[in-house]
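These notes concern the structure reproduced below.
The values are calculated or read from the model by the stated rules, or taken from the named source; none is laboratory data. Keep in mind it's a predicted model, so treat the numbers as computed, not measured. Every residue, glycine as well, gets a Cβ built from its backbone with ideal geometry; the counts of neighbours run over all protein chains shown.
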Amino acid sequence: MALIPGVLPLYDVNAAPLVPQAETAEWIARQVDDRDIGKDGRFEMKMRLFDRQQRVRERELTIQTMRPQPKAGERPKGTAAGDRILIRFTYPNDIKGTAFLVWEHPEGEDERFLYLPALGRVRRITGAESQDNFVGSDFTYEDISGRELDKYTYNMVEQNETWTGPDGKMVPVSRIESRAKNAQARFPRIVSTVRKDNFVVVHADIYNRRNEKEKVYEVKRLDLVQSIWTLSEIVMTDLGARTHTELSVTNVRYNTGLKEDDFSRRELERK
């Protein structure tokens, strides 16, 4: 459930493309993971953080993403390099310059780096910290950068439901359960509602170790931009803390020609 959004076929990395299979929970999860986000994208966004008294703090940020393109016969994420994400806060001054860089590795552990300009240093976010809150918001680092598919098991909850979108239209969805293989995960269970037409997760209930629903993820606006389904407005609510965080896209462009160098450690620390 990364923040940035479609459907790509499944590929066997050692052979020809596979014939689409039955809609198992794992197959749906893989389609979500492989949905089309373009070769790259640039986003301008606003973040609004609401405390339990509904007082709000506003932030502005930019996000750029890149998905290395697979060679013929490869599954989209079977390339040597995985997706790249760079987030930089631009407003207000107390967080301006803070940046978050993600290097995905399909065959190994993802790397996450947080740059804190006030300290003038980069901090690596370890796997154990991936479910910690992202810079004081209700989203976790994992929510922002995406979950590693193989670190979860999947079960079908409901295959033939409907979901009413913000526009009032009903669309067919599936509901799947993801369970973390790591017994120490802060949020070991997630039940996701996935649209069947574009494989976008539009709702998720997130459970803590006591199997209590602690957080709720909701898509409030979904737009088709340059033929790519784009999450234009999303909300994460922390039911226990009674806080929520809104993220909305103010500008987006896909396939702009970003390069690997645009996601370097040097770029992370750029003023």
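Kindly check whether there is at least one residue in segment 221-232 that is among the hydroxyl-bearing types (Ser, Thr, Tyr), farther than 27 Å from GLU44 by Cα, in contact with a strand residue (DSSP E or B) (Cβ under 9 Å, 6 or more places away or on another chain) and not in a loop (DSSP other than H, G, I, E, B).
Checked against the condition, which is being among the hydroxyl-bearing types (Ser, Thr, Tyr), farther than 27 Å from GLU44 by Cα, in contact with a strand residue (DSSP E or B) (Cβ under 9 Å, 6 or more places away or on another chain) and not in a loop (DSSP other than H, G, I, E, B), segment 221-232 yields no hits at all.
Hey, could you check segment 39-52 for residues that are surrounded by fewer than 21 Cβ atoms within 10 Å (Cβ to Cβ), in contact with a Lys or Arg (Cβ under 9 Å, 6 or more places away or on another chain) and not hydrophobic (A, V, I, L, M, F, W, C) and say which is nearest to ILE228 (Cα to Cα)? Selected residue: LYS39.
Scanning segment 26-45 for residues that are in contact with a Pro (Cβ under 6 Å, 6 or more places away or on another chain) and at pLDDT 95 or above returns no hits. Residue pairs whose Cβ atoms lie under 6 Å apart, separated by 6 or more positions or on different chains, with the first residue in segment 190-207 and crowded, with 20+ Cβ neighbours inside 10 Å and of a type in the set (Ser, Thr, Tyr) and the second part of a strand (DSSP E or B) and modelled with pLDDT of 95 or more, are SER192/ILE176; SER192/VAL201; SER192/ALA204; THR193/VAL173; THR193/ARG175; THR193/VAL202; THR193/HIS203. Screening the candidates VAL173, VAL202, VAL157, VAL194 for the property of being assigned to a strand (DSSP E or B), modelled with pLDDT of 95 or more and more than 19 Å from GLU26 (Cβ to Cβ) yields one hit, VAL202.
Conditions tested, residue by residue: (1) within 23 Å of ARG30 (Cα to Cα); (2) at pLDDT 90 or above; (3) of a type in the set (Asp, Glu); (4) over 19 Å from the mean Cα position of the chain (by Cα).
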| residue | (1), (2), (3), (4) |
| --- | --- |
| GLY97 | no, yes, no, yes |
| GLU109 | yes, no, yes, no |
| ASP132 | no, yes, yes, no |
| PHE139 | yes, yes, no, no |
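One line per residue, one yes/no per condition, for (1) of a type in the set (Phe, Trp, Tyr); (2) in contact with a Pro (Cβ under 7 Å, 6 or more places away or on another chain); (3) surrounded by fewer than 14 Cβ atoms within 10 Å (Cβ to Cβ):
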{"site": "ASP223", "(1), (2), (3)": "no, no, yes"}
{"site": "TRP229", "(1), (2), (3)": "yes, yes, no"}
{"site": "MET236", "(1), (2), (3)": "no, no, no"}
{"site": "ALA241", "(1), (2), (3)": "no, no, yes"}
{"site": "VAL249", "(1), (2), (3)": "no, no, no"}
{"site": "ASN255", "(1), (2), (3)": "no, no, yes"}
{"site": "ASP261", "(1), (2), (3)": "no, no, yes"}
{"site": "SER264", "(1), (2), (3)": "no, no, no"}
{"site": "GLU267", "(1), (2), (3)": "no, no, no"}
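Is it the case, given these coordinates, that TYR154 is over 19 Å from the mean Cα position of the chain (by Cα) and buried (at least 16 other Cβ atoms within 10 Å of the Cβ)? Judged against the criteria, TYR154 is not a match.
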